Amino acid sequence: MKSFATWIMLVFLSVAYPQAGYGGQVNRLACDIWPPYQMYQDTELTGYSVQIVKAVYQRMGIPLKHPITALPWSRCLAMLENGTMDALFSANYAPERKQYALYPEEPLISSPWVVWVRKGYEIESMQELQSMRVGAVRQYSYTPEFWEFIQTNSRVETVGNDETNFKKLSAGRLDATVAELANGLYLRKKLGIKNIVPIRHLIVKESGLYIIFNKKNVSEEFVNEFSQELSAFKETLEYRNLYEKYIDLVVPKTPSPAH
């Protein structure tokens, strides 16, 4: 009877979790602190992407047995690549990451990355970045074309996070930087900086933010199921409320042009 009961339990587990990672490995999730997508409120890790990921896991019937780990971005990427983390968010698409990561078809959100300058130095084109001191963040996936342009024509200064670049730009130690729009607006408010502005028409890239999975630990089947559940979740009122809470309150709508 004991062996029969054990067999029944194994059958149940194989049906409930068709891949070992469904109940275990896929629980090892990482992110950086990057508001409004990932941030601490008091001692709780929350934010747009955190809440979206948790909701989709719940819809899939997978309990998160381990706390989501928040670490610097470069360390998160290294841990995903070596397999000590199974999933990482919120990541842009970068071709080189596909060597070790699987991307769902559905992004958590689509977002523009734009040029930021001090007030009074508004620029009209990327060409005006020539000879400027431009701030960038290590391990961020700016486009190859943008990297080549600023490395060839500008004085590039790399740091560990956007907050440092915003402080340097505000203090006149940089002439321009690049940051994702919602994150930049959140940081500007948090830091109390009033003398820098986004140039919203100077878009370096406009791409999705994804949760990406280590391809050795997680199957394509799981990634596809996550993508489908995420797409379905975006049709719900719960998703709309999360979007309004974390994104609509941060990113003001661009006024419609006069006709």
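The values are calculated or read from the model by the stated rules, or taken from the named source; none is laboratory data. These numbers come from a predicted model, not from an experiment. Cβ placement follows ideal geometry from the backbone for every residue including glycine, while neighbour counts extend to all protein chains displayed. Accessible surface areas use protein heavy atoms only, side chains included; no ligands, DNA or RNA. Shrake-Rupley method; radii C 1.70, N 1.55, O 1.52, S 1.80 Å.
Computing the accessible area with a 1.4 Å probe over protein heavy atoms, can you report the carbon and sulfur percentage for region 38-138?
47 percent
Binning at 5 angstrom from zero up to the longest distance, how are the C-alpha pair distances of region 50-108 distributed in percent?
4, 15, 27, 26, 20, 8, 1
Measure up 98/194; 194/234; 205/245; 65/234; 65/205; 98/205 against 28 Å on the Cα-Cα distance and list the ones that go over.
Result: 98/194; 194/234; 65/205 exceed 28 Å.
May I ask for the angle, rounded to the nearest 10°, between helix 181-191 and the longest principal axis of the chain, with both axes built from Cα atoms and the value confined to 0 to 90°?
Approximately 70 degrees, to the nearest ten.
Compute the Rg to Rh ratio over the chain from the alpha carbon atoms, using the Kirkwood formula for Rh, and round to two decimal places.
Ratio value, two decimals: 1.04.
Give the Rg/Rh ratio for region 38-138, taking Rg as the radius of gyration of the Cα atoms and Rh as the Kirkwood radius, to two decimals.
Radius of gyration relative to Kirkwood radius: 1.05.
Taking Cα atoms, how many degrees apart are the long axis of helix 48-59 and the longest axis of the chain, rounded to 10 and kept between 0 and 90?
Rounded to the nearest ten degrees, it is 20.
Given 25 °C and 0.890 mPa s, compute D for region 160-225 with the Stokes-Einstein relation, Rh being the Kirkwood radius over Cα pairs; round to the nearest whole µm²/s.
D = 171 µm²/s.
Would you mind computing Rg(Cα) / (2.2 N^0.38 Å) for region 199-244, counting N as its residues?
1.57
How big is region 93-215 along each principal axis, measuring the range of its Cα positions in Å and listing the largest first?
Computed over the Cα atoms, the extents are 45, 33, 25 Å.
How are the C-alpha pair distances of region 143-259 spread across 10 Å bins, as whole percents from the shortest bin up?
Final binned percentages: 10, 29, 30, 24, 7, 0.
If I model a spin label as a point 7 Å beyond the Cα along the Cα-Cβ vector, how far apart are those points for residue 153 and residue 44 in nm?
The two pseudo-label positions are separated by 4.7 nm.
On alpha-carbon atoms, Rg over Rh for region 100-158 using Kirkwood Rh?
Here the Rg-to-Rh quotient is 1.05.
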